[in-house]
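Only the coordinates and a few stated rules stand behind these numbers; no lab work does. Because the structure is predicted, anything quoted here is derived from the model rather than measured. Ideal geometry is used to build each Cβ from the backbone, glycine not excepted, and the neighbour counts take in all protein chains shown.
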Amino acid sequence: MSKPVKEMIVEEYRRRFDGVSGGVLVHIRGMDAIENNVFRNELRKKSIQVTLLKNTLARKAFAGTPLEALNPSLKGPSAFVYGAESAVDVAREIVEWAKKVEEMELQAASLDGVYFEGAAGVRELSKYPTREEAQATVVTLLLSPHKNVVGCAKSPGSKLLGVVKTIQEKLENGETIAKVG
């Protein structure tokens, strides 16, 4: 491959992965064409892309980006899977696909420059909460003490309301109410 062609490929990688902060590296060697097409089409429906990489050219393109963390795993025929809302969504999807497709080998993952090595690393990333899930957890934790305060403040009022309701029912039934001293 000539030097100008290599430079064009590096530029294409830089353009394609601009703004991508994480993804998953896999080996898809051994998948037949039909299985590969089904795999790619199903991922595309979920806004996930698959790009086969030339490792040395990908290392140059990843330099200075959060994807540079993947460089140690760029060996052999690598495919980079990225997209969706976050690398966590991608990892979850790829882990599910790896259960269905025996030929798929999980190499590594990256999230905001943090490197997750091997199949265990990809599975670990898939268990992380997504940005929305993490935000929901934080909001719940922040609101929890306030909910407890409101519950405590309402509690005496609800007890008083129960007493008033009991008095009302007794009076409506014609019962007398004893004076509490």
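Values computed for the structure shown
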| quantity | calculated |
| --- | --- |
| For the chain, share of DSSP beta bridges that run antiparallel, in % to the nearest 5 | 100 percent |
| Anisotropy class of the chain from Cα gyration tensor, a/c 1.5 cut | prolate |
| Exceeding the 32 Å Cα-Cα cut-off - candidates Lys6/Lys99; Lys75/Lys127; Lys46/Lys75; Lys3/Lys100; Lys45/Lys127 | Lys6/Lys99; Lys3/Lys100 |
| R0 of 25 Å, Cβ-Cβ distance Glu103-Leu52: FRET efficiency to nearest 0.05 | 0.95 |
| Estimated FRET transfer efficiency when R0 is 45 angstrom, pair Lys6-Val138 (beta carbons, to 0.05) | 0.50 |
| Calculated from backbone phi, Karplus (6.51, -1.76, 1.60) coupling profile of the range 39-45 in Hz, x at Gly/Pro | 4, 5, 5, 5, 5, 4, 4 |
| Nonlocal amide H pairs with Ala84, under 5 Å, H built at 1.01 Å | Ile48, Gln49 |
| The chain, dipole about Cα centre (Lys/Arg Cβ +1, Asp/Glu Cβ -1), debye to the nearest 20 | 320 debye |
